[in-house]
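Worksheet: one structure, shown below.
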There are 2 protein chains.
Amino acid sequence: MIEPADTSAQRPHYRHLEQARAQVIELLSRQAVERELLQRQGTDTTRRQDVVSQLVERQHQAALEARLASFHPADIAFVLESLEPDARDLAWSLVRADRRGAVLLETSDNVRRALVANMAPEDIAAVVAPLDSDDIADLVSSLPEEVGQQVVARLDNADQAEVRSMLSFPEGSVGALMDMEFISVREDASLEAVQRLLRRLKTLPPHTSEIFVVDRSNRLQGLLSLSRLVLGDPETPVSAEMTRDVVFFFTDDRMRDAVDAFERYDLVSAPVVNLHDQVVGRLTVDDVVDEMRERANSEGLRQVGLSDEQDLFAPVLKSARARWPWLGINLVTAFMASRVIGAFEPIIEVLVALAALMPIVASIGGNSGNQSAALVIRGLALNQLGSHQLWRMLEKELRIAAFNGLLCGLILGIATIVLYHDLALAAVITVALVLNLLTASLIGVCAPVLLHRFGRDPVMGSSIILTATTDSMGFFYFLGLAALFLV
Amino acid sequence: MIEPADTSAQRPHYRHLEQARAQVIELLSRQAVERELLQRQGTDTTRRQDVVSQLVERQHQAALEARLASFHPADIAFVLESLEPDARDLAWSLVRADRRGAVLLETSDNVRRALVANMAPEDIAAVVAPLDSDDIADLVSSLPEEVGQQVVARLDNADQAEVRSMLSFPEGSVGALMDMEFISVREDASLEAVQRLLRRLKTLPPHTSEIFVVDRSNRLQGLLSLSRLVLGDPETPVSAEMTRDVVFFFTDDRMRDAVDAFERYDLVSAPVVNLHDQVVGRLTVDDVVDEMRERANSEGLRQVGLSDEQDLFAPVLKSARARWPWLGINLVTAFMASRVIGAFEPIIEVLVALAALMPIVASIGGNSGNQSAALVIRGLALNQLGSHQLWRMLEKELRIAAFNGLLCGLILGIATIVLYHDLALAAVITVALVLNLLTASLIGVCAPVLLHRFGRDPVMGSSIILTATTDSMGFFYFLGLAALFLV
């Protein structure tokens, strides 16, 4: 029932890998269920059945183990991410011990925590020991504080020192994600000498597309690309083939800025230096790609007040609790809006049509405001919004709001006349809509900008602030005008 | 007033580049304004003033031209993106002709169109001619159909053929974005022979971290990494140092799948083959990074029915029109919700408190539904949602909705009692909220999945469908229950 592993190991097209993964996920979930059933039957199963089913299970597992062994760690991680807790533990038990470290590196933080949750610190230490110190630091930083400490304490001294130094960099900084393995040479060396040096190393660190050129006190002088090394005349000195015009990073640069630089200058790897301009590490494009992916995936969640920590299979209560803050805020804002309406209950009593029409004013305001906000948030992300551009944009958004507000307002006014044969009411809803759209675009532009200025996440806060305003003000404009002119 | 260009050219930290860019943007916008003023003054300025100001302007421009010349094309593109039309044209006129092609490559489609809008096809052809054919194809595909045709017609025949073949690949496919420059060798060649071959080439294509190994009919056999080439013994044959286990792509693979593969397997470049397994091109990580960035930037916009085509400085009317479809849809859905309320006007007349409370039920429903949708959309993006996981998730979301609905409902109920001293009304709002949250989580899970199944963009459609439902149903549950039990 499982095609032999080697067929998928031999030059697989990733699509086949996807199928293979799906198949394994399917099998594992099924087995986890079967196993559970077995346990449920417990004693009332006759010895024979038990033995048979255990045999079958063991065969399945051997096959699965072989299959998993043929997977790239990232694919194993994908399988683990896609499984429910029981099946996930079963799968984890089938991963060869010597690959567990590599697999852990590829999992999301929450699944990682779940996997190591019932491992002893020394076991974790044993699993991660083979990894590079920067990868160990990466793993440790995602574990609960005390567990992390215990794990580090069990590493050998050299690793301990490096890991501790990596952990000392603030989260989201280049230093925290940089690679500590890099190759550096002097500019007076000949290309041939460099080649000899490299040959002695047997292998190069992954993504080594350039070698760093430093002076005797390890200060960055330039880069020698592997291609120049290959193409250049062996006799020529490094200085003749190296580039001095280098994009480099400080350990305390923000990773998000580094991502922009990698994208803008099409980098594959870049040197990381300390404040004395000395090379201390290397940032590689794979870290950048992971960072981009993480940010992209979390954006949708942050908009609705959720963090990327969500485990698809976390227990219900835990997940429910994760949504309280957001629901709480919305409960408050919705309640405020409701109180605005409450203040006008007498008018509604007289003219009940207001009750039916008011939500339209509020909701269209919210929607058009969200469009402005989305444009601003994108502008901020691309940091295209200098103060000058900002004013221009605000002005433009207000014009658009006025224009579209008038348009929607007229359509709405006509509908009102058709429904309620009330010209004054139609006029009121038109004016109210224009006012609310103007408010919406004002808040839609300012909310993200202010959140950004104060170092908060515009993606997360903007829509709450916006809808809170457009709802309350929408009701206020519409009912207020009605109170003035209709009753 | 401008620091000499070379200081920023010499090993710049990208932060300094950002400042330099900001400075240039500032200067250009200011000049564009000044120039406009000059033109406004027109004849009534005395000859002298005119001459002076022109002299000053020319000096400024010389300085700016020098400064721009020291920028990376991507930085020049950034400057252009950040400027308003007048200043943008001024800046474009200061970009050296031989760099314009490289700059165009880095701009967004809409700015690119604006820049070439008043260029003759032959001028465009002259500007892009120096670029690689795949880059030319990339540029041409973003131009208006007929302009593109004319440009291609003016290229020399070799380029024409290649560009046409590139353009034949469907948009969003690997073929359309692949690189046509790559180096391939036979596996029986010795590493030394390969090095000799490379030396003859003088330079390697950008991001050449591996050389492709092919058989005599150009079928992909494996990869030889530059590092193996450098480290290996010159005498050994390629076959001994190459990897046969290669991640490769077909020209018609979707770019988004390729992005996943690059991320999962930490690739820098990968071979692209045709259906006969023959190498026809190369996909490099910089294209992947650009693709990721584009998708990330457009996501926020797609959620509110806008495309990434938005030019910050497009004329108001054009931008206003771009928002009509979305506003139109929201007008319709809001109107539907309003009609639901309209149906219950008699009850509201009797119990006006309903009017004040009903928006709470609707809006909290929408918010909690959006949380479910965000989780599902992320799951789809990571393709973690097999049918099994999907059912599990739906079940879980419903539980959460029931739990949180009851919680919010009770809080809301208490508030109602406090405000209106009406137990029955409190009970009604509690039940209505639970029902609406259950509906919200059902739609929140199903809407994105169905949109995804039918090949639509879940990011774009989900929130409309969701809020349309939660508003109408929220009002219906609440007012309907009220009609049954309160009056």
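The values are calculated or read from the model by the stated rules, or taken from the named source; none is laboratory data. From a predicted model like this one, the values you see are computed outputs, not experimental measurements. Backbone-built Cβ (ideal geometry, glycine too); neighbour counts: all protein chains shown. Each accessible area value is taken on the protein alone, full model and side chains, heavy atoms only, with ligands, DNA and RNA left out. Shrake-Rupley method; radii C 1.70, N 1.55, O 1.52, S 1.80 Å.
Worth a mention:
- For B:Ser307, the conditions (1) surrounded by 14 or more Cβ atoms within 10 Å (Cβ to Cβ); (2) not in a helix (DSSP H, G or I) all hold with the exception of (1).
- Given (1) within 19 Å of B:Leu27 (Cβ to Cβ); (2) surrounded by fewer than 18 Cβ atoms within 10 Å (Cβ to Cβ), number of the condition B:Ala120 does not satisfy: (1)
- Criterion: under 25 Å from B:Glu294 (Cα atoms), of a type outside the set (Lys, Arg) and not assigned by the TED database to the domain that holds B:Leu223 - qualifying residue of B:Leu90, B:Leu139, B:Leu155: B:Leu139
- Residue count for the range A:183-209, restricted to those that are outside any helix (DSSP H, G or I), farther than 28 Å from B:His13 by Cβ and of a type in the set (D, E, K, R): 1.
- Set A:Phe313, A:Phe335, A:Phe344: member being aromatic (Phe, Trp, Tyr), closer than 25 Å to B:Ser441 by Cβ and in contact (Cβ under 8 Å) with a residue 40 or more places away in the chain: A:Phe313
- Leading residue by the ranking (least open to solvent (accessible area, probe 1.4 Å)) among those in the range A:1-20 that are of a type outside the set (A, V, I, L, M), modelled with pLDDT under 70 and not in a helix (DSSP H, G or I): A:Pro12
- Each residue in the range B:82-95 was checked for being open to solvent by 30 Å² or more (accessible area, probe 1.4 Å), in contact with a helix residue (DSSP H, G or I) (Cβ under 6 Å, 6 or more places away or on another chain) and at pLDDT 85 or above, and 0 of them qualify.
- So A:Val246, is it assigned to a helix (DSSP H, G or I) and either without any contact (Cβ under 8 Å) to a residue 40 or more places away in the chain or facing another protein chain (nearest Cβ under 10 Å) (or both): no
- Restricting the range B:249-261 to residues that are open to solvent by less than 10 Å² (accessible area, probe 1.4 Å) and of a type in the set (A, V, I, L, M, F, W, C) leaves a set whose member that is farthest from the other protein chains (Cβ to nearest Cβ) is B:Met255.
- Test for A:Ala337: is it modelled with pLDDT of 90 or more and either open to solvent by 30 Å² or more (accessible area, probe 1.4 Å) or touching a His at 6+ places or on another chain (Cβ under 9 Å) (or both): no
- Qualifying residue in the range A:51-65 (condition: in contact (Cβ under 8 Å) with a residue 24 or more places away in the chain, within 22 Å of B:Val246 (Cβ to Cβ), of a type in the set (A, V, I, L, M, F, W, C) and not assigned by the TED database to the domain that holds A:Asp287): no
- Filtered by the rule that a residue be facing another protein chain (nearest Cβ under 7 Å) and in a helix (DSSP H, G or I), the range A:313-325 gives A:Val316, A:Ser319, A:Ala320.
- Matching residues in the range A:469-487 - criterion: being part of a helix (DSSP H, G or I) and open to solvent by 20 Å² or more (accessible area, probe 1.4 Å): A:Thr469, A:Asp471, A:Met473, A:Phe476, A:Tyr477, A:Leu481, A:Ala483, A:Leu484, A:Phe485
- Scanning the range A:269-280 for residues that are among the aliphatic types (A, V, I, L, M) and open to solvent by less than 10 Å² (accessible area, probe 1.4 Å) turns up A:Ala270, A:Val272, A:Val273, A:Val279.
- Residue satisfying condition, being free of Cβ contacts under 8 Å to residues at least 24 places away in the same chain and not assigned by the TED database to the domain that holds B:Ala258, within set B:Val449, B:Val418, B:Val434, B:Val428: B:Val418
- Residue match in the range A:210-227 (condition: assigned to a helix (DSSP H, G or I) and at the interface with chain B (Cβ under 9 Å from one of its Cβ atoms)): yes
- Among (1) more than 9 Å from chain B (Cβ to nearest Cβ); (2) not in a helix (DSSP H, G or I), the one test that A:Asn383 misses: (1)
- Qualifying residue in the range A:268-289 (condition: facing chain B (nearest Cβ under 7 Å) and within 26 Å of B:Leu201 (Cα to Cα)): yes
- Any helices (runs of 4 or more DSSP H) falling wholly within the range B:48-135 and containing at least 2 residues that are under 23 Å from A:Gln384 (Cβ atoms): B:73-82, B:85-94, B:97-106, B:109-117
- Scanning the range B:390-406 for residues that are over 21 Å from B:Asp457 (Cβ atoms) and either at the interface with another protein chain (Cβ under 8 Å from one of its Cβ atoms) or open to solvent by 70 Å² or more (accessible area, probe 1.4 Å) (or both) returns B:Trp391, B:Arg392, B:Glu395, B:Lys396, B:Arg399, B:Ile400, B:Phe403, B:Asn404, B:Leu406.
- In the set (1) assigned to a helix (DSSP H, G or I); (2) open to solvent by 10 Å² or more (accessible area, probe 1.4 Å); (3) within 7 Å of chain B (Cβ to nearest Cβ), A:Leu357 fails one condition alone, (2).
- Within the range A:193-209, tally of residues that are within 11 Å of chain B (Cβ to nearest Cβ) and over 25 Å from A:Asp287 (Cα atoms): 6
Matching residues to (1) within 16 Å of B:Thr284 (Cα to Cα); (2) touching a strand residue (DSSP E or B) at 6+ places or on another chain (Cβ under 8 Å); (3) of a type in the set (D, E, K, R); (4) buried (at least 21 other Cβ atoms within 10 Å of the Cβ):
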position: B:Phe212; (1), (2), (3), (4): yes, yes, no, yes
position: B:Ser217; (1), (2), (3), (4): no, yes, no, no
position: B:Asp233; (1), (2), (3), (4): no, no, yes, no
position: B:Pro237; (1), (2), (3), (4): no, yes, no, no
position: B:Met242; (1), (2), (3), (4): no, yes, no, yes
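- A single member of B:Gln31, B:Gln41, B:Gln59, B:Gln23 is more than 19 Å from B:Ala114 (Cβ to Cβ) and either within 14 Å of another protein chain (Cβ to nearest Cβ) or at pLDDT 85 or above (or both), and it is B:Gln23.
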